[in-house]
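Asks: Just dropping this structure here.
The values are calculated or read from the model by the stated rules, or taken from the named source; none is laboratory data. Note that the structure is a prediction, hence the values are computed from the model and not measured. Counting neighbours? That spans all protein chains shown, and the Cβs are built from the backbone with ideal geometry, glycine included.
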Amino acid sequence: MVWVMVPFTMVINTFVFGLKYYSNWGLFSLATLITCVAACIDFILCGGVAVLMKRRFPADWQVPRRLTFMIGIFLILSGLFLYSLFSFYEAIGFYGYTFNENGFVWAYVSMGVLNIFLTFLHEGVSRFERWKMNLQETEQLKKTVKQSQLLGLKSQVNPHFLFNCLNSLSSLISECPDEAEKFLDEMSKVYRYMLRNDDDLLVSLERELQFIKSYYALLKARYGEGIELAINVSDEDKQAMLPPLSLQVIIENAFSQNSMHKSAPLRISIQSGSNGAIVIKNNVQRKTVTDAFDYEAGLDNLVSKYRLLNQRQVEIRDSKNERIIQLPLINSEAEISI
């Protein structure tokens, strides 16, 4: 409005008063002020109409209809504005002005062209900004997916986790070969899942739970009765989807930041929740974390991924004795927006 109103006002007043507008300083000043104020009011009204039309017809396929209604209303408002302005000057006898029909027509044509130009300009700028925002979100999503892949790779080659698995395997080989064979089988399932799903955007909850059972078997072999996992998920929820390694990130966060003892085990539960989500709970028994590996970054990454997939937020509720994480489920890949 700031850039358009001054030159637009001068053009309109030229059609109203002709060259006399530039030859009389008093006429020039007063007419510019009056016309500019009136034009600003008309501009604001048109802006309000544009906002209403945008809310009424927000979809991309409704753009032609929205533009048609906007331009039609703008032309009507412009005609009323100009007629009122010309009539006002004639009514007050402003510097001897009488209604100039030829000037009115040219002013209306000029204002109509300006309205149409600004309408398409705003629509073009809006669509460009939305395209640029979508492009940025897509790039951010790719970055987050890569971060997730890197986080998964870190979990795969995390020296503490790998060393503990090998150490447990070594102990079982000497003490109980049959258990060692089972442990090795579960360990191969864990690493096979991590490698196969490294590039997948979504996996079924059923596959994720199968992986978690193998992952838990490795933890159970090490911590024994110090850790407990309960799974109670409906068959319907098992068919839904979620980003791969989501549950592993949550469970790893739980056992890495809480102490585990036979007398005070870490209890983790995975169960169906309401509104198409699963709920992961664990009791809180904080320990001093000395490992430099940032486990909270995994949760932050998971929250960011859900946000960029245009899904409901991951809810994390902490209390003194319990952490509850509500993880939304995705019915199909068609639901995600990339």
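Asks: From the set of residues in segment 11-25 that are at pLDDT 85 or above and over 18 Å from E90 (Cβ atoms), which is surrounded by the most Cβ atoms within 10 Å (Cβ to Cβ)?
Replies: Residue satisfying both the conditions and the ranking: V11.
Asks: On to the next question. Please determine whether any residue of segment 52-65 is closer than 16 Å to G112 by Cβ and either in contact with a strand residue (DSSP E or B) (Cβ under 7 Å, 6 or more places away or on another chain) or exposed (fewer than 15 other Cβ atoms within 10 Å of the Cβ) (or both).
Replies: No, the conditions are met nowhere in segment 52-65.
Asks: Only one of these conditions is not met by S269: (1) modelled with pLDDT of 90 or more; (2) of a type in the set (S, T, Y); (3) assigned to a loop (DSSP other than H, G, I, E, B). Which number is it?
Replies: Of the numbered conditions (1) modelled with pLDDT of 90 or more; (2) of a type in the set (S, T, Y); (3) assigned to a loop (DSSP other than H, G, I, E, B), the odd one out for S269 is (3).
Asks: Output the qualifying pairs, or none if there are none: Cβ atoms under 7 angstrom, residues six or more apart or on different chains, first residue in segment 38-67 and free of Cβ contacts under 8 Å to residues at least 12 places away in the same chain, second residue outside any helix (DSSP H, G or I) and surrounded by 16 or more Cβ atoms within 10 Å (Cβ to Cβ).
Replies: That search, which allows pairs on different chains as well, returns R65/F57.
A quick yes/no check of all residues on (1) of a type in the set (F, W, Y); (2) in contact (Cβ under 8 Å) with a residue 40 or more places away in the chain; (3) crowded, with 20+ Cβ neighbours inside 10 Å:
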{"position": "L172", "(1), (2), (3)": "no, yes, no"}
{"position": "P177", "(1), (2), (3)": "no, no, no"}
{"position": "M187", "(1), (2), (3)": "no, no, yes"}
{"position": "F211", "(1), (2), (3)": "yes, no, yes"}
{"position": "Y215", "(1), (2), (3)": "yes, no, yes"}
{"position": "R222", "(1), (2), (3)": "no, yes, no"}
{"position": "E225", "(1), (2), (3)": "no, yes, no"}
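Asks: Could you please find all residues in segment 88-109 being of a type in the set (G, A, S) and either in contact with a Lys or Arg (Cβ under 7 Å, 6 or more places away or on another chain) or in a helix (DSSP H, G or I) (or both)? Spell out the reasoning first.
Replies: Filtering segment 88-109 down to residues of a type in the set (G, A, S) leaves 91, 93, 96, 103, 107.
Selection gives A91, G96, G103, A107.
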